[in-house]
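Input: a single structure, listed below in structure tokens.
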Amino acid sequence: MPQNVEKVLDHENLFREPEYKAMFDNKRSQFEFRVPAEELAKQIEYAKTWEYREKNFAREALTVNPAKACQPLGAVFAAVGFEKTLPFVHGSQGCVAYYRSHFSRHFKEPTSCVSSSMTEDAAVFGGLNNMIDGLANTYNLYKPEMIAVSTTCMAEVIGDDLDAFIKTSKQKGSIPAEFDVPFAHTPAFVGSHITGYDNALQGIIKYFWDGKAGQGTALTRIPNESINFIGGFDGFVCGNLPEIRRMLDLMGVEHTILCDPSDVWNTPTDGEFRMYDGGTTKAQVEAAINAKATISFQGYSTEKTMKLIKEHGHDTTSFHHPMGVTGTDAFLMKVSELTGKPIPKELELERGRLVDAIADSQAHLHGKKFALYGDPDLMLGMTAFLLELGAEPVHVLSTNGDKEWAEKVQVLLDASPFGKNCKAYPKADLWHMRSLLFTEKVDFLIGNTYGKYLERDCGTPLIRLGFPIFDRHHHHRFPIWGYQGALRVLTMLLDEYFEALDANTIGIGTTDYSYDIIR
Amino acid sequence: MSLTVEENKALIEEVLKAYPEKTAKKRAKHLGTFEDGKPDCGVKSNIKSLPGVMTIRGCAYAGSKGVVWGPIKDMIHISHGPVGCGQYSWASRRNYYIGETGIDTFGTMQFTSDFQEKDIVFGGDKKLEKIIDEIEVLFPLNKGITVQSECPIGLIGDDIEAVSKKKAKEYEGKTIVPVRCEGFRGVSQSLGHHIANDAVRDWVFDKVDPNKNVFESSPYDVAIIGDYNIGGDAWSSRILLEEMGLRVIAQWSGDGTIAELENTPKAKLNVLHCYRSMNYISRHMEEKYGIPWVEYNFFGPTMIEKSLREIASHFDDTIKANAEVVIAKYRKLIDETIAKYKPRLQGKKVMLFVGGLRPRHVIGAYEDLGMEVVGTGYEFGHNDDYQRTTHYVKDGTLIYDDVTGYEFEKFVEKVQPDLVGSGIKEKYVFQKMGVPFRQMHSWDYSGPYHGYDGFAIFARDMDMAINSPVWSLTKAPWKKAA
């Protein structure tokens, strides 16, 4: 009997006990009728070959282990970033259960969001009644100050018209006529979660700036000295946005962060559940039209939003997740250029300390080969940072990055001696990455939690950066942006390098010589 | 102590006040109190969730792909439609299995047709055909394919049945199962379970080649039905059945294989854990193959003992005697577990809100530790679940069917339990409030909780949740003094 009360065996160890091992062997040999061992071994090896890689890359229809989610997830992210705003997703209810679980598994925080719970009858007759009843219930029960509506693929396929439905709901008295309900159509079969973020954010800004969907008057822009900042879909948002705010405050720049979920996904445990906390206020959104400029930190995540803002006369700049020294330099210089405010000594000092840290450690990362995957903006930022460290970003892969994105990555790679023999892979998934890792080996892999299956299959150590991260705690609470953020990412890269080195030299009586106390 | 019937009534009335009148009237039918002697729990169930109330429920796809089919490890399950559904349900349920993932097993992988606008406009059947071809090239050792429909499939009129038949023929009788589990069907994941069960009946049982995967039957052959091996639950159950001298020929569906499904009609008895998700196929096997089925409960020693005897009663005296030997063998472990944890947990109040069988099945395990379940409810239960619940709950237990976020928060605020057991969406809400919490879908990434080995883990986990020092830190000391 393996179990022991004094030292309770968890699943990790319980099933390695002889009783269970015997049981597994028995089950397998008698009832599973699995593939014969020889055939299995052959396929395991074959799946590592160049020939398999070619077949794998010849895929046209099947997607295996993608690194992207669907639009409505991003729409919920965007909605959560506004004060006392409840995301309302029009369509099937299971979707909302998924988004809430997904975010809660990453942030280890509650995520409040409602569904209009459409079923078969709504599929036939449309979801108008679901909208009418749903808005009334949400409004009365959860007392939001704004309800941000988006859609699931079901509502999109049957062609429900949000604008008309919301207006009808107001006419039927489900919510007061003046209650703010911005909306965005977010079909899951177009783009990815970053598209949904973009559509929803654009919807909210458009709603407030362009006359509340015909129920108010469009705002007139009177330019002032302030700037707007948009972060884009970002798993590290709880650490990143406060860091941006800190840097802009240090510069004395008047600014508005459009969409800021960094408080509601970072509430204290003090006896009170806060369904709403922080976020951009409606007044801030309205005032933001007067800003002289708007900066997006992730251009691919904000294409439509930035287009709308530009149309309103803003000086707009879209970065691609700038990281490291050069990336942060470019951001701060842009802010300085836009506002005329100098970059203060404090930030210069932080920059110097980051450069100091890189100089201390560069020898350990120089020439190391990396594979990385994730959202297109993150990939551009991380690629640039790796090149800056003298590392080689050999495989840069994105499921939701397109050909144009890949060309951008290639320009970065071509501009650096460390980018030689490195390549970008647009619209590819983690099964493609598996072939890359087997055929052209690298030292480290950078990606989200799902990368751990690649780490296991290919033996490439994983550094967790991206979204979602389910299996490590609290990473999202720390910034990866700014000089401070770069220091953290640098430390993560180095930690993994040193861990791998120690693990590779831990043999007693075999590799004693390299198991060093000073690195 | 739980609240009294009158106190519960007042609480429910108070909570309903927040709703618009029409909604309050509808929700009132789902909230109640169990009173001794009543045949059910006095609540309506398996009814559409109301829009905008923050239901905890999922969808039919979740019930089919996420629960029933997903764990069958040597088949490839295609999430057919846009990318999201497969992404959010990717490996999140911890249906443990052993195998070469990506080569001959596929449990923790996400296969999707990643629908684009053109697939919606022109239909996805051609793409599905191509996907099946590509699977055969890249994953030739797969033992079958299922097509798990997402919402658009049924709306755009795709004929996944025709594609499946065509491709099955092309690949010489390969098992290809179309499943009509579009998320908008039904009121919760429950219909997805049913649809998935029916798909096994129609596309596996009715097409079995009797000369394939043959083994010699024994009089002691049983199949475990309705155990998804979360954290290894089915394993810590199987070991007890085998120790009793029974031969487990199939696991449905945790760590299961298509061969096990196909051979299940050879069982002498089906033992059913999650009644809600797999009673359909159990009834079918009873009608068609004459296989009796028996429900059992492997949470906590009291229910385990009862279940072992009940299962043994379907067999000869050897098995019956063996059941007693097994019970005796684990007695020491159980006595030690209870001796260690009961004093720390005695009298603690628990509120549950879970799916499947757990809102009733885990009550005995808590009681074995001296704890009391004062409120419970089903995410997607039917009336037969609430009838079965009457054997478990005490007079005055607060019952909430398809509870809304608002109701659950208010109930917990008022009842002030020492522990809440529910899901990931609820976990952090209650922890913020300072209430200890355990996820009772995923065992909070722990487990197994089934069987004797699992009970020790369960007891340890409940103790560490309730008696964690963190709960004494939620108020700043300078505020406490004020």
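Structure above, values below:
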{"read-out": "Within segment A:429-519, helices (runs of 4 or more DSSP H) holding 2 or more residues that are aromatic (Phe, Trp, Tyr) and more than 14 Å from chain B (Cβ to nearest Cβ)", "value": "A:482-504"}
{"read-out": "Inter-residue pairs, beta-carbon under 9 Å, first over 19 Å from residue B:349 (Cα atoms) and without any contact (Cβ under 8 Å) to a residue 12 or more places away in the chain and in segment B:401-413, second open to solvent by 10 Å² or more (accessible area, probe 1.4 Å) and charged (D, E, K, R), 6+ apart", "value": "none"}
{"read-out": "Selection from segment A:139-152 of residues that are crowded, with 24+ Cβ neighbours inside 10 Å and either charged (D, E, K, R) or facing another protein chain (nearest Cβ under 8 Å) (or both)", "value": "A:152"}
{"read-out": "Options B:169, B:126: the member that is part of a helix (DSSP H, G or I), free of Cβ contacts under 8 Å to residues at least 24 places away in the same chain, open to solvent by 10 Å² or more (accessible area, probe 1.4 Å) and more than 9 Å from chain A (Cβ to nearest Cβ)", "value": "B:169"}
{"read-out": "All positions within segment B:60-74 that are farther than 18 Å from residue B:102 by Cα and either of a type in the set (A, V, I, L, M) or open to solvent by less than 10 Å² (accessible area, probe 1.4 Å) (or both)", "value": "B:60, B:61, B:62, B:63, B:64, B:67, B:68"}
{"read-out": "Residue that is nearest to residue B:428 (Cα to Cα), among those in segment A:259-277 that are of a type outside the set (A, V, I, L, M, F, W, C) and open to solvent by less than 30 Å² (accessible area, probe 1.4 Å)", "value": "A:267"}
{"read-out": "Answer residue from segment A:26-44, given it is of a type in the set (D, E, K, R) and facing chain B (nearest Cβ under 10 Å) and is most open to solvent (accessible area, probe 1.4 Å) among those", "value": "A:42"}
{"read-out": "Candidates A:85, A:63, filtered to the one that is of a type in the set (Val, Ile, Thr), surrounded by 24 or more Cβ atoms within 10 Å (Cβ to Cβ) and under 30 Å from residue A:452 (Cβ atoms)", "value": "A:63"}
{"read-out": "Qualifying residue in segment B:37-44 (condition: among the acidic types (Asp, Glu) and either open to solvent by 10 Å² or more (accessible area, probe 1.4 Å) or on the phi > 0 side of the Ramachandran plot (or both))", "value": "yes"}
{"read-out": "Selection status of residue B:25, part of a helix (DSSP H, G or I) and at pLDDT 95 or above", "value": "yes"}
{"read-out": "Conditions (1) of a type outside the set (Val, Ile, Thr); (2) surrounded by 20 or more Cβ atoms within 10 Å (Cβ to Cβ); (3) without any contact (Cβ under 8 Å) to a residue 60 or more places away in the chain; (4) outside any strand (DSSP E or B): number failed by residue B:478", "value": "(2)"}
{"read-out": "Residue list for segment A:278-287, filter: open to solvent by less than 50 Å² (accessible area, probe 1.4 Å) and acidic (Asp, Glu)", "value": "none"}
{"read-out": "Some residue of segment B:410-423 being within 16 Å of the chain's Cα centre (by Cα) and facing chain A (nearest Cβ under 9 Å)", "value": "yes"}
{"read-out": "Failed item, numbered, when residue B:208 is tested on (1) in contact with a strand residue (DSSP E or B) (Cβ under 8 Å, 6 or more places away or on another chain); (2) hydrophobic (A, V, I, L, M, F, W, C); (3) open to solvent by 10 Å² or more (accessible area, probe 1.4 Å)", "value": "(1)"}
{"read-out": "Positions within segment B:47-66 being touching a strand residue (DSSP E or B) at 6+ places or on another chain (Cβ under 6 Å) and of a type in the set (A, V, I, L, M), in sequence order", "value": "B:53, B:54"}
{"read-out": "Given (1) within 30 Å of residue A:95 (Cα to Cα); (2) of a type in the set (S, T, N, Q); (3) more than 14 Å from chain A (Cβ to nearest Cβ), number of the condition residue B:390 does not satisfy", "value": "(1)"}
{"read-out": "Where residue A:206 falls short, out of the listed (1) open to solvent by 40 Å² or more (accessible area, probe 1.4 Å); (2) within 12 Å of chain B (Cβ to nearest Cβ)", "value": "(2)"}
{"read-out": "Conditions (1) more than 10 Å from chain B (Cβ to nearest Cβ); (2) without any contact (Cβ under 8 Å) to a residue 12 or more places away in the chain; number of the one not met by residue A:22", "value": "(1)"}
{"read-out": "Counted residues, segment B:289-302 - those being touching a Phe, Trp or Tyr at 6+ places or on another chain (Cβ under 8 Å) and either in a helix (DSSP H, G or I) or open to solvent by 10 Å² or more (accessible area, probe 1.4 Å) (or both)", "value": "2"}
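Matching residues to (1) touching a Phe, Trp or Tyr at 6+ places or on another chain (Cβ under 9 Å); (2) within 12 Å of chain B (Cβ to nearest Cβ); (3) closer than 26 Å to residue A:278 by Cβ:
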| residue | (1), (2), (3) |
| --- | --- |
| A:119 | yes, yes, no |
| A:135 | yes, yes, yes |
| A:154 | yes, yes, no |
| A:157 | yes, yes, no |
| A:169 | no, yes, no |
| A:175 | yes, yes, yes |
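The rows are residues; the columns are (1) more than 9 Å from every other protein chain (Cβ to nearest Cβ); (2) more than 18 Å from the chain's Cα centre (by Cα).
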{"position": "A:48", "(1), (2)": "yes, yes"}
{"position": "A:64", "(1), (2)": "no, yes"}
{"position": "A:68", "(1), (2)": "no, no"}
{"position": "A:72", "(1), (2)": "no, no"}
{"position": "A:79", "(1), (2)": "yes, no"}
{"position": "A:85", "(1), (2)": "yes, yes"}
{"position": "A:89", "(1), (2)": "yes, yes"}
{"position": "A:94", "(1), (2)": "no, yes"}
{"position": "A:98", "(1), (2)": "no, no"}
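Residues are listed down the side, and each one gets a yes or a no for (1) crowded, with 24+ Cβ neighbours inside 10 Å; (2) at pLDDT below 95; (3) assigned to a loop (DSSP other than H, G, I, E, B):
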| site | (1), (2), (3) |
| --- | --- |
| B:359 | yes, no, no |
| B:366 | no, no, no |
| B:370 | no, no, yes |
| B:375 | yes, no, no |
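The values are calculated or read from the model by the stated rules, or taken from the named source; none is laboratory data. These figures come from a predicted structure and were not determined experimentally. Positions of Cβ are generated from backbone atoms using ideal geometry, with glycine treated the same way; all protein chains shown enter the neighbour counts. Note: accessible area is taken over every heavy atom of the protein model, side chains too, but ligands, DNA and RNA are not part of it. Shrake-Rupley method; radii C 1.70, N 1.55, O 1.52, S 1.80 Å.
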